[in-house]
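Heads up: the structure comes next, in structure tokens.
The values are calculated or read from the model by the stated rules, or taken from the named source; none is laboratory data. Since the model is a prediction, treat every value here as computed from it, not as a measurement. Here the Cβ positions follow ideal geometry from the backbone for every residue, glycine too, while neighbour counts run over all protein chains shown. In case anyone asks, the SASA skips ligands and DNA or RNA and just uses the protein heavy atoms, side chains included. Shrake-Rupley method; radii C 1.70, N 1.55, O 1.52, S 1.80 Å.
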Amino acid sequence: MSIKKITEINITGKKVLIRSDLNVPIENGIIQSDARILAALPTIELAVQKKAKVIVMSHLGRPKEGYYTKKYSLFPIFKYFQNKFKSTKIHFSNNFLDDVVIKPGEIAILENTRFNTGELNNSEILSKKYSNLCDVFVMDAFGSAHRMQSSTYGIGKFVKIACAGLLLTNEINALKKALKKPKRPMVAIVGGAKVSTKFNVLHKLSKLADTIIVGGGIANTFLAIDYQIGKSLHEPDFILEAKKLRDKYNIIVPIDSRVGKNFCKNEKSIIKSPDNIAEDEEIMDFGDQSIEKIVDILKKSQTIIWNGPVGVFEFPNFRKGTETIAKTIAHCDAFSIAGGGDTLSVIDMFNIKNNISYISTGGGAFLEFIEGKKLPAIEMLEEKFKK
Ligand code: AMP
């Protein structure tokens, strides 16, 4: 189904409310990573160029709803915008529900949407108030597109025109490209801590990809089908489900692993085969043979979807699997998509962000899109388009 895009609408002189995802890490008022802001900027810049009255809103963290908490204020983001848009007038509105007064070509940054009572449970009263602030609503927060909240979804019911921003459009296009008609062979890497949080994604990708590579605690649950894996992180309740998947699909489980006795930063690693793990050991990364096998698969692939580190990459001696895989993805010819919180930290750590074809800004939204779930914000835009 189709949605309207910001580029298809005349926004000049209009009040344009952009729901961005500016949920960046902030410590003591200092932005720790501006990756999400940078991803949101093209839509905002476009609206400024077109001389719209640009109103930007976002959530930040998880404050108690209905209360102002300094820690979760968007004020540092307003300061960031002042710095970035030197020749543009930037306003900060912390009391905006009745109106935002702004001229064409200016930007108003609104205070955290989650300070507003009703935001999280998609209150109609609040959604209506948001809609009264603008002529055009632009949904651009892919990272929040799986949330059915007033600023991401509810507003759609009341606003006259709703469309997708550049980021949301790019995210949808890239994910569709990878999921609808992927160039083959297609490989999916699913790492991270727990199978339970990614089981649906694993299931969906198993059907779609030619090969699935499991890593991290997820791989451990697959190893536990056949082996005693000591004190390795795994989920006994999911062993049976993992077995069903492994018996049906082409799932690559590590043939050797790096193990340690203590879960700590300077722990030494030794490489062991899965039938040789002692009771007091835990698997924290792939071994060299597994890495070699996986690198070979990745080099032959045409499409790669990657979510999650394959080991405890935070510890230097258990980083090799994640590092080698990340760098191989970055330097192979395949169309590659990476997404999910920790995957982005890995990409930052190895400085490969310019070598991945598309890096999704979504964590939960990225996983839900892959699962095939309809994201509420996209559904809202589709409904709007029909009308
Ligand atoms: P997730 O949020 O599910 O993607 O999980 C990411 C976290 O999983 C990272 O902090 C990794 O350190 C951790 N992780 C990956 N592999 C393992 C493992 N074998 N044992 C324990 N934790 C792991």
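Remarks
- Unique residue being at positive phi and either outside the structural domain of residue 143 (by the TED database) or within 12 Å of the ligand (Cβ to nearest atom) (or both) when the list is 340, 364: 340
- Any hit, region 191-201, residues being farther than 17 Å from residue 244 by Cα and away from the ligand (no atom under 16 Å from the Cβ): no
- Residue match in region 204-216 (condition: near the ligand (Cβ under 10 Å from one of its atoms) and closer than 17 Å to residue 367 by Cβ): yes
- Spans of strands (runs of 3 or more DSSP E) in region 1-97 with at least 1 residues surrounded by fewer than 22 Cβ atoms within 10 Å (Cβ to Cβ): 15-19, 90-93
- Count of region 155-170 residues which are open to solvent by 10 Å² or more (accessible area, probe 1.4 Å) and assigned to a helix (DSSP H, G or I): 5
- Counting only residues that are outside any helix (DSSP H, G or I) and of a type in the set (Gly, Ala, Ser), region 320-371 holds 9 of them.
- Qualifying residue in region 346-357 (condition: more than 16 Å from the ligand (Cβ to nearest atom), in contact with a Ser or Thr (Cβ under 6 Å, 6 or more places away or on another chain) and aliphatic (A, V, I, L, M)): yes
- Every residue from region 322-349 that is touching a Lys or Arg at 6+ places or on another chain (Cβ under 6 Å) and within 19 Å of residue 35 (Cα to Cα): 347
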